[in-house]
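Remarks on the structure that follows.
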Amino acid sequence: MEHTKILLDENEMPKQWYNILADLSVEPPLNPATNEPMNPKDLEPIFAKELIKQEASTKRYIDIPEEIREIYSLWRPSPLYRAHRLEKALGTPAKIYYKNESVSPAGSHKPNTAVAQAYYNMKEGTERITTETGAGQWGSALSLSCNYFGIECKVYMVSSSFYQKPYRKSLINLWGANVVPSPSPDTQFGRKIREMYPDTSGSLGIAISEAVEDAALNDNTKYALGSVLNHTCLHQTVVGLETQKQFAKTEDYPDIIIGCCGGGSNLAGASLPYIRDNIAGKTNTRVIAVEPSACPTLTSGDFKYDFGDMAKMTPLLKMFTLGSEFIPPAIHAGGLRYHGASPIISKLVADGLMEATAYHQVEVFDASVTFARSEGIAPAPESAHAIKCTIDEAMKCKQTGEEKTIFFNLSGHGHFDMGSYDKYFSGDLSNE
Ligand SMILES: *Cc1c(COP(=O)(O)O)cnc(C)c1O
């Protein structure tokens, strides 16, 4: 039998996260009132102190607390698969591997940081956490994690997804959190937007403004962000560190690493430990960020300081951005509809340490169906962007006869995205 699934023992799960800020300098967030670097104290009304510390830390390895590892062990280490059946379907000499992050209870990589953020908040006495969610994956991951630690959770869910994906909402309720469509009547900013744009389908930028306002105005309440920030990328490195141990059990080493990019956290998690080795001059692995053509942050945006939200309440981040007022079309990969990108990923792209590419929605679903019909797993539309790029690279190998090893991160499953697949099959899916 061909070797298909590469597993690690529980005791092989990493005991530390890797912090790329030890090896890469990223420009600091700025206070929008002064345009000076943010004073960490100013973030304390909104974020747990330990997370603020991690955000700016340049320590190369940060210990993963035992309580977090215990929860991780419910689904981690996650399996690495060799996609023999996809390779055969494509007729490619390339070797394709993928890390299956869909095995977490919420069905994506997001609990890797949600559990950590809920844990540090619990340690500091936070009673309630607010957040936004686009497609619902982050909201469900955070409600799962708050539930583990007995913290109340309120989710502002982008209105278009709230109605398009009612079962993500149910899942958030199942784990005990409160979820409302954004813009909501519950915040000042939400009320203002509802008055100005009564028909708006919402955006992540609006929902972030609502969640931050709620946390800022309530004493026992903090805010949590599921991607973009340095500490979210840090927590996700458990993915790439496991992958390196798994590849060590094979004859192969990735020539190309591919991940979809919304805020950038799953891509960061899978690739940063490899980029560490590239920076150290040990390896020369290509890393490719894949985004939707409908929200082409890295491929068409500007690299500059911008706000993370529409109300301009967040610190200014140096990142690729389409502008904080940009409202992307309601494409089905809701998790990739963000106007900005992680400062770490942005810096890597700006420095030429990472490539970026964009695909249209329909070709992405074509690739997703090819994958599901060979490997069996139904991918999240977000993850399908990475699959499309993987298939393209594998087809290039078919032309040249090169036996490259391609590794991609399967960031989540698409069990709650069947409405999108139905649209694809009935021919109603458009490219915008
Ligand atoms: C949220 C999400 C993404 C996009 O977020 P990143 O921070 O870029 O990883 C991708 N895939 C899935 C399954 C998600 O839930």
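Between the alpha-carbon centres of the range 74-137 and the range 354-368 there is a gap of 20 Å. For the chain, the solvent-accessible area of protein heavy atoms averages 38 Å² per residue (probe radius 1.4 Å; ligands and nucleic acids excluded).
About its Cα centre, the dipole of the range 192-305 is roughly 340 debye, where the only charges are +1 on Lys and Arg Cβ and -1 on Asp and Glu Cβ.
The tail of the calculated P(r) for the chain, taken as Cα-Cα distances beyond 37 Å, holds 16 percent of the pairs. Once the Kirkwood radius over Cα pairs is known for the range 145-279, the Stokes-Einstein relation at 4 °C and 1.567 mPa s delivers a diffusion coefficient of 75 µm²/s. Over all other residues within a Cβ to Cβ distance under 11 Å of GLU27, the charged ones net out to +3, with Lys and Arg as +1 and Asp and Glu as -1. Seen from LEU267, the other residues with C-beta closer than 12 Å to its C-beta sum to a net charge of -3, counting Lys and Arg as +1 and Asp and Glu as -1. The Cβ shell under 10 Å around ALA83 holds other residues with a net charge of +2, Lys and Arg each +1, Asp and Glu each -1.
According to the square roots a ≥ b ≥ c of the eigenvalues of the Cα gyration tensor, what is the shape class of the range 1-134, taking rounded for a/c under 1.5, prolate for a/b larger than b/c otherwise, and oblate for the remainder? In terms of gyration-tensor shape, prolate. Take every pair of alpha-carbon atoms less than 8 Å apart whose residues are at least six positions apart; their mean separation over the length of the chain yields a relative contact order of 19 percent. Taking 4.7 Å between C-beta atoms as the pairing limit, the chain has these partnerless cysteines: CYS233, CYS260, CYS261, CYS295, CYS389, CYS397. Candidate cross-link partners of LYS15 among the lysines, defined by an alpha-carbon separation under 22 Å and a same-chain spacing of 8 or more, comprise LYS49, LYS53, LYS59, LYS99, LYS110, LYS123, LYS245, LYS249. A full extension of the chain between SER25 and ASN11 corresponds to an added length of 1.8 nm, given 0.36 nm per residue minus the alpha carbon distance.
For q values of 0.13, 0.16 Å⁻¹, compute log₁₀ I(q)/I(0) with the Debye formula on a Cα-only model of the range 249-318, without solvent. Treating every Cα as an identical point scatterer, log10 I(q)/I(0) equals -0.52, -0.72. For the chain, modelled as a GNM whose springs connect Cα atoms under 10 angstrom apart, the maximal fluctuation among TYR163, TYR97, TYR18 occurs at TYR163. Taking a ≥ b ≥ c as the square roots of the Cα gyration tensor eigenvalues, the range 232-384 comes out oblate, since a/c reaches at least 1.5 and a/b does not exceed b/c. By definition, a body whose alpha carbon gyration tensor gives a ≥ b ≥ c is prolate when a/c is 1.5 or more and a/b is larger than b/c, and the range 176-249 fits this prolate description. Relative to the 2.2 N^0.38 Å rule of thumb, the range 118-163 has a C-alpha radius of gyration ratio of 1.17. When the P(r) is computed for the range 380-432, the part past 13 Å accounts for 67% of the Cα-Cα pairs.
The values are calculated or read from the model by the stated rules, or taken from the named source; none is laboratory data. Predicted model, so just to flag it, every value in this text is computed and none were measured. Cβ atoms come from the backbone with ideal geometry, glycine included; neighbour counts cover every protein chain shown. For the accessible areas, the whole protein counts, side chains as well, though only heavy atoms, and no ligand, DNA or RNA atoms are used. Shrake-Rupley method; radii C 1.70, N 1.55, O 1.52, S 1.80 Å.
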